[in-house]
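The values are calculated or read from the model by the stated rules, or taken from the named source; none is laboratory data. Predicted, not measured: the structure shown is a model, and the values here were computed from it. With ideal geometry, Cβ positions are generated from the backbone for all residues, glycine too; neighbour counts draw on all protein chains shown.
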């Protein structure tokens with residue numbers, strides 16, 4: 001199952017009043033595993049950002065003045081989300097803005113038509129899920145982080161990619177945890193406005209090579225004899241002992257069986 005945990009930032013709260021997207025962030029998971037692929041894009045909204053919105057996300061008009069407009073990034077963004085289940089906190093807000101952007105673009109350029117989101121993607125609203133799971137409680141993203149003991153101390157202002165990454169952790173915690181971590185990758189892949197993947201170094205902490213090593217204690221003769229007596233008892237009671245089919249390799253530090 002392919003999922004994209006998604007978040008957006010906007011110029012205001014209502015696209016019907018002409019407000020636009022200014023940032024999109026998405027994190028890809030397949031079968032509840034992070035793949036390392038993300039989508040992150042700032043957007044020039046071609047209008048002023050409201051002061052109240054800037055207080056929330058800290059994105060100023062100057063910050064996005066030189067960013068591409070939505071029409072320039074729409075195709076790459078659509079390819080990233082199409083066919084996935086989108087996991088969004090307060091999904092009607094984000095989906096409403098995304099569909100509004102697609103509608104404006106489709107009206108200008110016609111084919112190929114992009115969207116609507118719900119026709120081509122699944123949509124899972126984690127706010128609705130949280131309200132059902134924790135009725136009568138606060139269910140903002142910050143409140144859920146506190147409830148599920150997820151560190152969001154680095155989140156001073158809202159940011160689309162940061163919030164998507166935090167929401168991914170919250171979603172996994174709310175739905176039973178993560179089945180596996182793909183920590184073997186040295187880098188993540190980020191999709192840019194042209195639909196190309198860009199490599200970003202992943203901040204994986206490596207253990208200190210000078211750390212103390214665990215010692216391996218080999219059995220002495222008394223322990224070996226006791227072990228052999230135990231195996232003989234298994235042979236006599238069961239007719240066979242699987243331990244006998246294993247080959248033993250012993251060196252100065254370890255005992256391994258294959």
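Which of the residues belonging to the stretch 2-44 are part of a loop (DSSP other than H, G, I, E, B) and either more than 18 Å from residue 165 (Cα to Cα) or in contact with a helix residue (DSSP H, G or I) (Cβ under 6 Å, 6 or more places away or on another chain) (or both)? Selection gives 11, 12, 13, 14, 18, 19, 20, 43, 44. Scanning the stretch 105-121 for residues that are surrounded by 15 or more Cβ atoms within 10 Å (Cβ to Cβ) and in contact (Cβ under 8 Å) with a residue 24 or more places away in the chain yields 105, 114, 115, 117, 121.
The number of residues in the stretch 45-82 being surrounded by fewer than 19 Cβ atoms within 10 Å (Cβ to Cβ), part of a loop (DSSP other than H, G, I, E, B) and over 22 Å from the mean Cα position of the chain (by Cα) comes to 11. Mind counting the residues in the stretch 31-56 that are more than 14 Å from residue 20 (Cα to Cα) and in contact (Cβ under 8 Å) with a residue 24 or more places away in the chain? Here the count works out to 12. Restricted to strands (runs of 3 or more DSSP E) entirely inside the stretch 84-202, those with at least 1 residues that are within 22 Å of residue 34 (Cβ to Cβ) and at pLDDT 95 or above are 85-88, 122-125.
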